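Undergrad: One structure is given below, represented as structure tokens, and several questions about it will come after.
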Amino acid sequence: MRQVNLGIIGGGTVGGGVFQAIQRNGALMASRLGVSLTVARVAVRDLKKSRTVKIPAGLLTTDWQSVVSDPAVNLVVELMGGTTIARQAVLAALKLGKPVVTANKALLSAHGEELFAAAQKHRTNLYYEASVAGGIPIIKVLREGLIGNRITRLFGIVNGTCNYILTRMKDEGADFADALAQAQRMGYAESPPDLDIDGHDAAHKTGILASLAHGFWVNPKQIYTEGIRNITRHDIEFAAKLGYSIRLLGCVKFAGGIRRKKSAIQVSVYPVLVPNSHVLANVNGVFNAILVRGDVVGDTLYYGQGAGQDATASAVLSDLADAALDLKCGTKNRVPPFVPHERDGAVLPMDDVVSRYYVRLTVEDRTGVFAKIADILAKAKIGISSIIQPEGHDGVTVPVILMIHDAPNAAIRKALAALAKLPVVKSAPVMIRVESFE
Ligand code: NAP
Ligand code: HSE
């Protein structure tokens, strides 16, 4: 039986998980693939570190370059994270013609175009199933399963840490900081976790999905990104009373023609109010889910654990299997990692994105306040679908919730700035978009 020798760079949460999963299911995979996978070398930063998954000392090194260049290693697995050394390591392996498996969405987001071009130039392949949505095989779905579809909509809960925090805040009244600390202990969070809670990790993943779905490389700087740092228990509770759950959502929507460009795509990440009747409102904890609408297939939904050792290891194993089969069969690019096919694609500017909104104002408790608010919104041609003053908030200031009809982002931004200047409005307005999944 042919043997493929793996050089793994990174023996932490994911690297340890992959090592462990190969020990557990390596023989099963060999029987299915006709190729045996052997871990030949593992690079780490610190040889003395105590590890929950024990890796034999004889396999460990701190020298990632020696792993990449080792003639015995014919498949490199980058699980170190970061974008600087990781880029060097992946490029070094590709230049040697060695296929690479990576789980590193930050790396792909920043340098994907360069890395995919290098894979093509050196006639090898770059596999990245674990970079998006943990254990859900969403990359395979977009590259292979839905290849005959134009993707018109994609909505994804793609950050396990944020979903875990939001769920615990809603269900248990947990404190944001406590829930984040627990997500870190469980191995879900990035280092630093700001990448998760400020939405950047979700933006990296949403950009990868958008690029795959629409065939042009989405510049990460063009992805409008908001995280969950400012979501309070108040908003979670008010949203619940109105029949919604708050989720951090990656949105990729075909928006039709724009100016002289052929097609414009909304690519964004922000917290949204999801109606409780919608399936995505019921995706809880570390779970991720991605709703993909194709013009042939209609709506499809993918669900599974979005972060953590075993879920991510499962996605890496899927790539190892593909890479092993490509090595066995001598296929270099059976399904190319990324093929640009939309020359005129463009990201829709956020100001042009239209949605509905939940707005919470903290206002003085006196007559005439609603009239002032309504006047500003009317001048901005923004329609209010309802105004709610939740009961049980007596005091000098009270909350007012406005549910706003469809309006462009630029218009609501200007209106909120005007509302903030009203003397009766006592703190910065809170705005969360409302998604109807139309
Ligand atoms: P981690 O636990 O921090 O592990 C990183 C590993 O890389 C550690 O073993 C570390 O060595 C090693 N390393 C770092 N710099 C190195 C260097 N210069 N030379 C050699 N080894 C080096 O991180 P992780 O959670 O496994 O994440 C790894 C990658 O997977 C990241 O790109 C992450 O975004 C991605 N990912 C993570 C998850 C998840 O749920 N955790 C899910 C999907 C994708 P030491 O152990 O000695 O410190
Ligand atoms: N930090 C990431 C998350 C890991 O929480 O989703 C999985 O990509």
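The values are calculated or read from the model by the stated rules, or taken from the named source; none is laboratory data. Values in this document were obtained by computation on a predicted structure and should not be read as measured data. Ideal geometry is used to build each Cβ from the backbone, glycine not excepted, and the neighbour counts take in all protein chains shown. These area figures cover heavy atoms from the full protein model, side chains too; ligands, DNA and RNA do not enter into them. Shrake-Rupley method; radii C 1.70, N 1.55, O 1.52, S 1.80 Å.
Undergrad: Across the stretch 109-138, what is the number of residues that are away from ligand 2 (no atom under 16 Å from the Cβ), open to solvent by less than 10 Å² (accessible area, probe 1.4 Å) and out of contact with any Lys or Arg (no Cβ under 7 Å at 6 or more places or on another chain)?
TA: Number of matching residues: 3.
Undergrad: Among the listed residues ASP295, ASP344, identify the single one that is surrounded by fewer than 15 Cβ atoms within 10 Å (Cβ to Cβ), touching a residue at least 40 places away in the same chain (Cβ under 8 Å), outside the structural domain of GLU226 (by TED's automatic domain parsing) and of a type in the set (Asp, Glu). Show your work before the answer.
TA: Details: ASP295 fails: outside the structural domain of GLU226 (by TED's automatic domain parsing).
Of ASP295, ASP344, the one residue that is surrounded by fewer than 15 Cβ atoms within 10 Å (Cβ to Cβ), touching a residue at least 40 places away in the same chain (Cβ under 8 Å), outside the structural domain of GLU226 (by TED's automatic domain parsing) and of a type in the set (Asp, Glu) is ASP344.
Undergrad: Here's another thing I want to ask about it. Hey, can you tell me all the residues within the stretch 139-160 that are within 16 Å of ligand 1 (Cβ to nearest atom), β-branched (Val, Ile, Thr) and either assigned to a helix (DSSP H, G or I) or open to solvent by 10 Å² or more (accessible area, probe 1.4 Å) (or both)?
TA: The first filter runs over the stretch 139-160 and keeps only residues within 16 Å of ligand 1 (Cβ to nearest atom), leaving 139-140, 156-160.
Those left that are additionally β-branched (Val, Ile, Thr): 139, 157-158.
Answer for the stretch 139-160, where residues must be within 16 Å of ligand 1 (Cβ to nearest atom), β-branched (Val, Ile, Thr) and either assigned to a helix (DSSP H, G or I) or open to solvent by 10 Å² or more (accessible area, probe 1.4 Å) (or both): just ILE139.
Undergrad: Could you list all residues from the stretch 1-41 that are of a type in the set (Gly, Ala, Ser), more than 10 Å from ligand 1 (Cβ to nearest atom) and closer than 27 Å to THR83 by Cα?
TA: Hits for the stretch 1-41 are GLY7, ALA21, ALA40.
Undergrad: Quick check on the stretch 221-241. Is at least one of its residues of a type in the set (A, V, I, L, M, F, W, C), open to solvent by 50 Å² or more (accessible area, probe 1.4 Å), out of contact with any Gly (no Cβ under 8 Å at 6 or more places or on another chain) and modelled with pLDDT of 95 or more? Give the derivation first.
TA: Pass one, the stretch 221-241, residues of a type in the set (A, V, I, L, M, F, W, C): 223, 228, 231, 236, 238-240.
Checking which are open to solvent by 50 Å² or more (accessible area, probe 1.4 Å) leaves us with none.
No, the stretch 221-241 contains no residue that is of a type in the set (A, V, I, L, M, F, W, C), open to solvent by 50 Å² or more (accessible area, probe 1.4 Å), out of contact with any Gly (no Cβ under 8 Å at 6 or more places or on another chain) and modelled with pLDDT of 95 or more.
Undergrad: Tell me, please, whether a residue that is within 29 Å of ASP351 (Cα to Cα) and crowded, with 23+ Cβ neighbours inside 10 Å can be found in the stretch 252-266.
TA: Within the stretch 252-266, one or more residues are within 29 Å of ASP351 (Cα to Cα) and crowded, with 23+ Cβ neighbours inside 10 Å.
Undergrad: Please find, among PRO390, PRO408, PRO399, PRO349, the residue that is free of Cβ contacts under 8 Å to residues at least 12 places away in the same chain and surrounded by 14 or more Cβ atoms within 10 Å (Cβ to Cβ).
TA: Values: PRO390 fails: free of Cβ contacts under 8 Å to residues at least 12 places away in the same chain; PRO408 fails: free of Cβ contacts under 8 Å to residues at least 12 places away in the same chain; PRO399 fails: free of Cβ contacts under 8 Å to residues at least 12 places away in the same chain.
Exactly one residue qualifies, and that residue is PRO349.
Undergrad: Can you give me the ranges of the helices (runs of 4 or more DSSP H) entirely in the stretch 161-270 with at least 3 residues that are within 16 Å of ligand 2 (Cβ to nearest atom)? Can you show your working first?
TA: On the way: elements: 176-185, 194-197, 200-214, 233-241.
Qualifying helices (runs of 4 or more DSSP H): 176-185, 194-197, 200-214.
Undergrad: Just to be sure I understand the filter: pairs with C-beta atoms under 6 Å, separated by 6 or more residues or on different chains, first member in the stretch 166-184 and closer than 12 Å to ASN284 by Cβ, second member open to solvent by 60 Å² or more (accessible area, probe 1.4 Å) and at pLDDT 95 or above. Which pairs pass?
TA: Taking only residues 6 or more apart or on different chains, the pairs are THR167/ASN284.
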